[in-house]
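Below is one structure, written out as structure tokens, with a few remarks after it.
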Amino acid sequence: MGLFDRFKKGLQKSRSSLVERLGGIFKSRKLDESVYEEMEEAFIAADMGVETALALVDEVRALAKRNRIENAEDLPPLMVEAMRHILEETPSEMNWAKEGPTLVLVVGVNGAGKTTSIGKLAHHYLEDGKRVLLAAADTFRAAAIEQLLAWGERAGCDVVRHSQGADPAAVIFDAIQAGKARNVDIILCDTAGRLQNKSHLMAELAKIHKVAMRELPGAPHEVLLVLDGTTGQNGLSQAKVFKEVVDVTGIIVTKLDGTAKGGIVLPIVHEQGIPVKWIGLGEQMDDLQPFDAQAFAEAVCRP
Amino acid sequence: MQVLEGLSSSLQKALGKLRSKGKLTENDVQEAMREVRLALLAADVNVKVVRDFVARVRERAVGQDVQKSLTPGQQVVKIVYEELTELMGGTQSRIQMAAKPPTVIMLVGLQGAGKTTAIAKLALSFRQHQHRPLLVAADVYRPAAIDQLHVLGRQVEVPVFDMGTSHNPVDIVRNGMQEAERQGADIVLVDTAGRLHIDEGLMTELEDMKAAIQPMEVLLVVDAMTGQDAVHVAETFHERLGVTGIILSKLDGDARGGAALTVRQVTGCPIKYVGLGEKVDGPLEPFHPDRLASRILGMGDVLSLIERA
Ligand SMILES: Nc1nc2c(ncn2[C@@H]2O[C@H](COP(=O)(O)OP(=O)(O)OP(=O)(O)O)[C@@H](O)[C@H]2O)c(=O)[nH]1
Ligand SMILES: Nc1nc2c(ncn2[C@@H]2O[C@H](COP(=O)(O)OP(=O)(O)OP(=O)(O)O)[C@@H](O)[C@H]2O)c(=O)[nH]1
Ligand SMILES: [Mg+2]
Ligand SMILES: [Mg+2]
């Protein structure tokens with residue numbers, strides 16, 4: 001089963017999933033205002049937020065008019081199109097260093113899936129024949145270093161680490177020196193989870209970012225914000241603040257193997273202009289997939 | 001946040017427009033409830049819960065007297081605030097103690113919700129109240145989950161029982177009970193692996209663990225940042241396990257925490273504690289329904305006006 005099938009299957013398992021709802025809503029119905037009202041509610045139920053839901057409904061309405069559509073059943077492709085328009089505003093390829101190691105800083109709130117996503121990315125790039133190094137710059141959380149070491153072992157790559165409580169910027173510094181010396185292709189840096197309203201923790205992250213910029217030209221080449229797919233409207237605040245502090249270049253949405261739809265990425269992409277680059281669909285090494293706007297939109301809203 | 005600013009200014013406008021005194025008219029209520037709906041949705045209260053709630057409050061509000069010091073719009077918000085507080089469960093409730101020790105408490109929830117952290121905080125608080133807790137490491141899946149529990153156990157000075165990762169969690173909790181008896185522990189706190197509510201195998205595993213140790217409390221840990229999906233998670237965990245209480249974690253962030261209302265509604269279980277930080281050296285905080293109601297509404301100005309009225 002492909003990953004997107006798994007995503008869709010997850011969605012279908014939810015009793016009143018958007019998919020089912022829309023199927024029910026649209027079956028042999030004329031296109032009237034009540035259809036659009038229910039569509040709005042379905043978008044909101046997928047965590048897209050009221051503003052984006054309304055904007056999407058307006059766009060679907062315009063598309064329907066232009067295409068002279070009269071039956072509600074014919075709306076889903078237009079919904080996919082409307083969502084894709086938002087999601088494709090920004091390109092989602094990873095950025096690589098012209099020469100020397102590429103440094104990827106992984107950030108986000110507590111428990112979002114940073115460490116696990118790093119394990120998956122390491123596996124992905126190792127499979128791709130790249131030389132990968134991990135940096136255990138979460139020196140705060142209990143057993144975070146052991147967790148990353150376990151992932152390093154699973155994926156088959158080295159982990160640069162200090163002891164718990166050490167300065168995370170120093171870990172990054174060491175990882176960069178080691179990465180240069182060993183001529184690795186990519187350094188994936190784990191950081192401690194932090195809520196975006198904790199200014200001292202955000203300042204610590206800014207310092208890590210600065211060390212990376214200073215020690216390696218062009219670094220960090222990517223700053224990936226890990227967003228829990230079950231997150232609601234707070235995701236917007238996360239994207240906004242992390243972007244301000246460390247100039248986020250992409251998003252990894254995790255836990256889309258559940259029934260959450262991850263709709264919060266739409267307002268994020270739209271308002272903050274940050275592209276989604278990866279999606280996480282499980283706890284195993286290969287449960288990671290490059291983001292595909294069309295497939296995502298289809299998985300979220302095809303009846 | 002832009003959304004919120006926009007919301008409160010449009011709310012002010014809506015409230016300002018309503019100036020007639022006397023009884024609340026259909027129209028007064030209609031206008032104010034539109035803004036309340038937006039506030040609840042922006043706080044991640046589930047759409048269906050919002051719909052029912054708004055309908056009920058609207059009905060209750062029409063025809064009520066308007067207090068002299070309030071505008072009709074403010075009066076509606078006051079009613080909404082009172083209803084919300086009521087819904088989230090009046091008085092705070094504590095952990096139920098077993099008549100015959102040990103009292104067994106299982107924490108369950110989605111991945112990364114904050115179970116292990118909450119366990120450590122609970123353990124600390126029990127120890128400070130002259131109990132003898134034992135932590136049982138029943139997460140055999142997540143890398144270094146057992147290490148994490150040991151580190152936290154050391155921090156709060158409470159013993160941890162584990163059997164490594166090669167036994168199944170049902171055996172682990174059974175043995176954990178024997179260990180509790182041997183040590184004379186009067187509270188057993190079971191750390192379970194995070195799991196999706198749709199993961200049939202892992203949900204069955206929880207049912208089996210529950211059957212094996214007959215916990216007094218099954219606490220569902222819910223992340224305050226959770227969005228609309230909270231309803232499915234709560235429904236399923238409650239259906240399968242009979243949740244007895246809720247812990248709302250990460251409320252030290254800036255999420256408005258509307259998912260709590262959803263979970264409260266769906267399970268009918270009280271929210272027992274809130275998590276306000278990563279550090280385990282402070283115990284879990286008791287839950288205050290009125291504070292969360294005002295946070296969910298995000299209408300601080302209006303609410304302080306109302307409180308003074
Ligand atoms: N179902 C599912 N679980 C996931 C996914 N990604 C991560 N997880 C789980 O989510 C939990 C938290 O993941 P971590 O990788 O530890 O998250 P983190 O952001 O590093 O957490 P902190 O370092 O504590 O802030 C773990 O139990 C993971 O196994 C995913 O895509 N799907
Ligand atoms: N800021 C804050 N962070 C918290 C709170 N509770 C837990 N965390 C953090 O959230 C992350 C996940 O917490 P855990 O206790 O490991 O969550 P879990 O539910 O046991 O996770 P899994 O075992 O992977 O399913 C960690 O980084 C914790 O430090 C809280 O109330 N506030
Ligand atoms: Mg981590
Ligand atoms: Mg845990």
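Observations
- Scanning the range B:160-168 turns up at least one residue that is crowded, with 21+ Cβ neighbours inside 10 Å and more than 14 Å from every other protein chain (Cβ to nearest Cβ).
- Filtering the range A:195-217 to residues that are within 16 Å of ligand 2 (Cβ to nearest atom), under 26 Å from A:ALA97 (Cβ atoms) and either outside any helix (DSSP H, G or I) or without any contact (Cβ under 8 Å) to a residue 40 or more places away in the chain (or both) leaves only A:GLU204.
- Single condition A:ALA260 does not satisfy, out of (1) more than 16 Å from ligand 2 (Cβ to nearest atom); (2) of a type in the set (A, V, I, L, M, F, W, C); (3) part of a loop (DSSP other than H, G, I, E, B); (4) within 14 Å of chain B (Cβ to nearest Cβ): (1)
- Condition check for A:LEU216: touching a Lys or Arg at 6+ places or on another chain (Cβ under 8 Å), away from chain B (no Cβ under 14 Å), aliphatic (A, V, I, L, M) and crowded, with 22+ Cβ neighbours inside 10 Å: yes
- Residue in the range A:52-75 that is assigned to a helix (DSSP H, G or I), within 14 Å of chain B (Cβ to nearest Cβ) and within 16 Å of ligand 1 (Cβ to nearest atom) present: no
- Residue check for A:LEU134: under 21 Å from the mean Cα position of the chain (by Cα), away from chain B (no Cβ under 11 Å), surrounded by fewer than 21 Cβ atoms within 10 Å (Cβ to Cβ) and aliphatic (A, V, I, L, M): no
- Of all the criteria given as (1) away from ligand 3 (no atom under 12 Å from the Cβ); (2) within 22 Å of B:GLY194 (Cβ to Cβ); (3) within 14 Å of chain B (Cβ to nearest Cβ), the one not satisfied by A:VAL159 is (2).
- Annotation note: of B:LEU124, B:LEU149, B:LEU134, the sole residue that is within 14 Å of chain A (Cβ to nearest Cβ), more than 16 Å from ligand 4 (Cβ to nearest atom), modelled with pLDDT of 95 or more and surrounded by 21 or more Cβ atoms within 10 Å (Cβ to Cβ) is B:LEU124.
- All of (1) within 14 Å of chain B (Cβ to nearest Cβ); (2) more than 16 Å from ligand 2 (Cβ to nearest atom); (3) out of contact with any helix residue (DSSP H, G or I) (no Cβ under 9 Å at 6 or more places or on another chain) hold for A:ALA239 with one exception: (3).
For every residue, the table says whether it meets (1) surrounded by fewer than 24 Cβ atoms within 10 Å (Cβ to Cβ); (2) within 15 Å of A:ASN110 (Cα to Cα); (3) more than 14 Å from chain B (Cβ to nearest Cβ); (4) of a type in the set (Phe, Trp, Tyr).
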{"site": "A:TRP151", "(1), (2), (3), (4)": "no, no, no, yes"}
{"site": "A:SER163", "(1), (2), (3), (4)": "yes, no, no, no"}
{"site": "A:ALA169", "(1), (2), (3), (4)": "yes, no, yes, no"}
{"site": "A:LEU201", "(1), (2), (3), (4)": "yes, yes, no, no"}
{"site": "A:LYS210", "(1), (2), (3), (4)": "yes, no, yes, no"}
{"site": "A:VAL226", "(1), (2), (3), (4)": "no, yes, no, no"}
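- The range B:237-253: number of residues that are surrounded by fewer than 21 Cβ atoms within 10 Å (Cβ to Cβ) and either aliphatic (A, V, I, L, M) or within 11 Å of ligand 2 (Cβ to nearest atom) (or both): 2
- If the condition is being within 15 Å of ligand 3 (Cβ to nearest atom) and without any contact (Cβ under 8 Å) to a residue 24 or more places away in the chain, then the range A:123-149 contributes A:ALA142, A:ALA143, A:ILE145, A:GLU146, A:LEU149.
The values are calculated or read from the model by the stated rules, or taken from the named source; none is laboratory data. The shown structure was predicted, so the numbers you read here are calculated from the model rather than taken from an experiment. Here the Cβ is made from the backbone with ideal geometry for all residues, glycine too, and neighbour counts use every protein chain on show.
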